1. Please give the number of the condition H674 fails out of (1) part of a loop (DSSP other than H, G, I, E, B); (2) loosely packed, with under 15 Cβ neighbours inside 10 Å.
2. Considering only residues that are away from the ligand (no atom under 14 Å from the Cβ) and out of contact with any strand residue (DSSP E or B) (no Cβ under 9 Å at 6 or more places or on another chain), look in region 517-539 and name the one that is farthest from F383 (Cα to Cα).
3. Determine which member of the set G478, G467, G430 is within 16 Å of the ligand (Cβ to nearest atom) and either part of a loop (DSSP other than H, G, I, E, B) or hydroxyl-bearing (S, T, Y) (or both).
4. Could you tell me which residue of region 543-578 is nearest to the ligand (Cβ to nearest atom), considering only residues that are touching a residue at least 40 places away in the same chain (Cβ under 8 Å) and loosely packed, with under 15 Cβ neighbours inside 10 Å?
5. Filter region 319-333 for residues that are farther than 16 Å from G309 by Cβ and part of a loop (DSSP other than H, G, I, E, B) and give the result.
6. Scan (1) under 29 Å from the mean Cα position of the chain (by Cα); (2) of a type in the set (D, E); (3) crowded, with 19+ Cβ neighbours inside 10 Å for the single condition E67 breaks and write down its number.
7. Which numbered condition trips up P226, out of (1) surrounded by fewer than 17 Cβ atoms within 10 Å (Cβ to Cβ); (2) modelled with pLDDT of 95 or more; (3) outside any helix (DSSP H, G or I)?
8. Restricting to region 348-403, name every residue that is within 14 Å of the ligand (Cβ to nearest atom) and β-branched (V, I, T).
Amino acid sequence: MSTVVRLETRGSVAVVCVDKPPVNALGRAVRDGLQQAFEQVRDDDGIRSAVLHCAGRTFVAGADIAEFDSGAFDGQLFHQTLDMIEGLDKPVVAAIHGTALGGGLELALACHSRVAVPDAKVGLPEVTLGLLPGAAGTQRLPRIAGASLGLDMIITGKPISAKRAQEAGIIDQVIKTDLLEGAIAVAENLAAQDAPVRRISEMQVDPATVPASLFDDARATLQRRPTGNPAPERIIQCVEAAVKLPFAEGVPVEARLFRECLNSRESAALRHRFFAEREAAKVPGLPKDVQLRDIRRVGVVGAGTMGGGIAMNFANAGLPVTLVEASQEALDRGLAIVRDNYDTTAAKGRLTESQVEERMALLQGSLDDADLGDCDLVIEAVFENMDIKRQVLARLGKACKPGAIIASNTSTLDVDALAQASGRPADVLGMHFFSPANVMRLLEVVRGAETAPEVLATVMRLARGIGKVPVVSGVCYGFIGNRMLEPYLRETEFLLMEGATPAQVDGAIQSLGLAMGPCRMIDLAGVDVAAKVVQENRKAGGLPDDPAYRAVVQKLMAMGRHGQKTKAGYYRYENRKPVDDPEVMQLCADLAKEHGISRRDDISDQEIIERCLYPLINEGARILEEGISYRPGDIDTVWINGYGFPDWLGGPMFWADTVGVQNVADRLAHYAEHRGDAHAYWDRSALLERMVSQGLRFADWPFSDR
Ligand SMILES: NC(=O)c1ccc[n+]([C@@H]2O[C@H](COP(=O)([O-])OP(=O)(O)OC[C@H]3O[C@@H](n4cnc5c(N)ncnc54)[C@H](O)[C@@H]3O)[C@@H](O)[C@H]2O)c1
């Protein structure tokens, strides 16, 4: 008998219980257990009906995704189990609590009836992994929910509530009392009726309910927003098959398209992304019994662009926030922007007026550090200036109660130096939010040399609690993301000086799938902001002795071309549309002359991609080599969630494996030879050298005898 699927009888009702913590994933053992249990239901004459339910916090929440990569997944066998369950003449009722997702919902759809608790959710999120539901979900869901809702649910992957599922017919009954007892009653009732069971596979989608342009519209939407995800187009084909073909003919269509998705590089990348994000939340080497600190009240110092957004994150999660500013004027302005943000969300119908008021009521403004005394975590987001930040940290070291955590939102400054300034470095770390801080999911959590393990662990958990994707970085210039951005922007500017236009550089990078090329990105973030970062880095001795280094951004800033906000930066903006500006081209030509850089007219997109991204990968390898980042997947998580790197390429390190580490190394050597390497721009990191000599890929991490 299976250890993870139990069968008990309650009178003539078989109660089949899946018990595989944490989320009852449909791994091999569960699939085998279900097969055995329902064979028993079939063969035992004393059983007249069955209930399928799950122990723990949720119904089956999906497939065991690791099996897709290990090859242990046997879709054919699972199909047979589902067909066997549906084929029974004895009614089977799925009792859903928590989430029935992916294979879990497919399993429930093979049952003859579904009941659920009010807060249950059901969905088919396979698309997020570049897959489609492969156990007849694309064939059964449209038959029961209609083609429009079925297609929408599968193509967006978004789960729906029990209430919505009941309206759509996916769930027959919402049970507000005891779920199992209610489900047993339904099963007994169905058995007593002695009517034929209802099999979704035998139903047909009523053509009159299918909007004539449903599939054309879906394809047009995909074309408007192209993505490398292989699943959406194939999902449309599957749902079309569900509408047009009998079940027995639709299933092989789904099986073929599922295999195509599964074998694609893009789906492998999306699966990598999924695991990398989960892994990134884990901090290696933390003591198991680490005692987390309680965070009930948060303080934020500085209510500017970042401070306001940071405060919103906590208010959204129901935590009270004390917001401290240097002047009443700045405080009023900061709070007004926060309110404005909430009002905009409310205007879109995503918050009610009373929710806006509740959240605003959680924000308390102050000009006095003493008001931070009862905060358990205080995050400073004042100007990016070492002297000012040192002073603020020193103040916080005194104003915060013992045991409070002190964090800095610095983008580039030395977190260890700030920690020392506080006088209590064990309580200090970096929390590097991305702009807009209330929207962007990435949070780089910077562990200082003396950060206490429980401080790091507390912030990692808190980050997930407010919906962020946290990634740990060690202390270095720019941490993971901005450090890797540096060589990318360096080459962007050299390419401009050599004769490429901003539109050409951005076009090449965007053709690869990145959301935004480097020139548009800086125009959006602010040329002045970017130029100041270079100046600070130069002051701190972090730049090579190269007067041409990032000369373009300096010049643009001096000309007052600060980007989108001044309608001119790398581009000129006409009705917010970026267009190449002859003035910028001339400026780049002048800078090239000044710095002895030869102009060319043969710069290809491939060269742009290689020169911008291969040094970025090389820097990522250095980050691993120095132990700044724990794993290549952490770096990928940073780039996907913070810098618009396409998830279906898996992040820069996964992509490096795709193009081949050897190839990356060869091309770096090529540019060293052709462009000269006076400033070590093309030097390959020791890790990359080692990978080449040993034939290693980033996917092989951790490398032995590291
Ligand atoms: N803007 C971004 O895209 C971004 C992204 C990530 C991190 N950061 C970092 O966040 C921090 C803040 O950046 P920002 O863009 O929000 O700057 P900002 O200029 O918009 O806001 C800074 C705020 O801090 C206040 N302030 C200054 N000194 C203070 C003090 N002693 N006490 C209290 N308040 C004080 C100012 O009045 C101002 O409102 C910087 O360290 C920056 O590097 C910025």
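1. The failed condition is (1).
2. G517
3. Result of the check over G478, G467, G430: G478.
4. P544
5. Of everything in region 319-333, those that are farther than 16 Å from G309 by Cβ and part of a loop (DSSP other than H, G, I, E, B) turn out to be P320, A326, S327.
6. Checking E67 against (1) under 29 Å from the mean Cα position of the chain (by Cα); (2) of a type in the set (D, E); (3) crowded, with 19+ Cβ neighbours inside 10 Å, the one that fails is (3).
7. (2)
8. Once the filter is applied, which keeps residues that are within 14 Å of the ligand (Cβ to nearest atom) and β-branched (V, I, T), region 348-403 yields V378, I379, V382, I388, V392.
The values are calculated or read from the model by the stated rules, or taken from the named source; none is laboratory data. As the structure is a computational prediction, the values presented were derived from the model and not from experiment. Ideal geometry is used to build each Cβ from the backbone, glycine not excepted, and the neighbour counts take in all protein chains shown.
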